[in-house]
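Undergrad: For reference, the structure I am asking about is given below.
The values are calculated or read from the model by the stated rules, or taken from the named source; none is laboratory data. Values in this document were obtained by computation on a predicted structure and should not be read as measured data. Positions of Cβ are generated from backbone atoms using ideal geometry, with glycine treated the same way; all protein chains shown enter the neighbour counts.
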Amino acid sequence: MARSTFPVLIFLYFLAHAGFTHADSAPTWMQLSIPERTALTPIAYDWDQLPAEQRLKLLKVVKEFAKLSPTQQQIFYTRLKPWTQMTPAQRDAARDNFKKLQELPKSEQGQIKRLWSQTVGSDSAQPGGGQ
């Protein structure tokens with residue numbers, strides 16, 4: 001599980017750091033292509049209410065979505081909606097934590113990833129968990 005999760009974490013990291021200059025030109029849901037809608041299905045009902053800058057960041061990341069394995073796509077789907085519902089401060093904290101994780105020695109990264117997958121796995125086994 002940890003190996004299939006790591007590319008998604010990288011994917012989300014790039015999502016967090018994608019830069020844009022024309023935030024006012026973010027398309028509406030109806031203006032998205034079929035592949036873009038497919039990748040963004042978990043947030044279809046929220047799309048038009050997201051800030052333009054966030055929509056543009058998501059579109060940049062979606063270009064890489066087709067390259068993910070089906071397992072990685074599923075992980076992306078489960079994490080997309082919670083990410084869009086975070087406040088900017090919460091997303092900044094998540095980015096900082098990801099950066100700190102990347103700075104740790106590989107052995108410590110592995111330990112943290114194992115603990116994380118155990119925690120996420122136990123949460124999803126409980127009613128309403130993992131959401």
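Undergrad: Assuming THR5 fulfils every condition listed in (1) among the β-branched types (Val, Ile, Thr); (2) modelled with pLDDT of 80 or more; (3) surrounded by 12 or more Cβ atoms within 10 Å (Cβ to Cβ) apart from one, which condition is it?
TA: (2)
Undergrad: For region 102-131, which positions are under 20 Å from PRO82 (Cα atoms), touching a helix residue (DSSP H, G or I) at 6+ places or on another chain (Cβ under 9 Å) and either modelled with pLDDT of 85 or more or not polar (S, T, N, Q) (or both)?
TA: Passing the criteria: LYS113, TRP116, VAL120, GLY129, GLY130.
Undergrad: For region 83-116, give me each residue that is of a type in the set (Phe, Trp, Tyr) and either part of a loop (DSSP other than H, G, I, E, B) or more than 22 Å from GLN49 (Cβ to Cβ) (or both).
TA: Correct list: PHE98, TRP116.
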